Amino acid sequence: MSNFKNVLSQARFSAEKMQKVNLFETENFFCDVYCLEPGQEQKPHAHSGADKIYFVLEGEGTIRIGAKERRVAKHDICLAAAGLEHGVKNTSAGRLILLVFMAPNPNVKNK
């Protein structure tokens, strides 16, 4: 695994559904690129023991955190604290690319 990557070169899109491309993953966190075509979304959901950060690299969309929805654009950043329902939707006519961090990593089971 390389410790260096160009984020935008990793972006992948599909007409069927939002794409998640993993950049880095450790026992402590993961870092993904989410790629959404117009109209695609990540359904609202929650993580009881992990915080998630969304950072908009390109495009515009709507992010829901708890009961609040907010329009976001390039270089906006949002925190979905553990337990809060969250999701993202590309509500624009162009593509949406997000850098997403989550810690602790929910894919790693406690020992």
**Q.** Check: the chain dipole with +1 on Lys, Arg Cβ and -1 on Asp, Glu Cβ, in debye
**A.** 80
Q | lysines with Cα under 28 Å of K17, excluding same-chain neighbours fewer than 8 positions away | A | K5, K43, K52, K68, K74, K89, K109
Q) Going by the alpha-carbon gyration tensor, a ≥ b ≥ c the square roots of its eigenvalues, is region 18-103 rounded (a/c under 1.5) or, if a/c is not under 1.5, prolate (a/b greater than b/c) versus oblate? A) oblate
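Here, each number is a calculation from the coordinates, and none is a lab measurement. All values derive from a computational prediction rather than experimental measurement. Please note: Cβ atoms are built from the backbone with ideal geometry, for glycine as well, and neighbour counts cover all protein chains shown.
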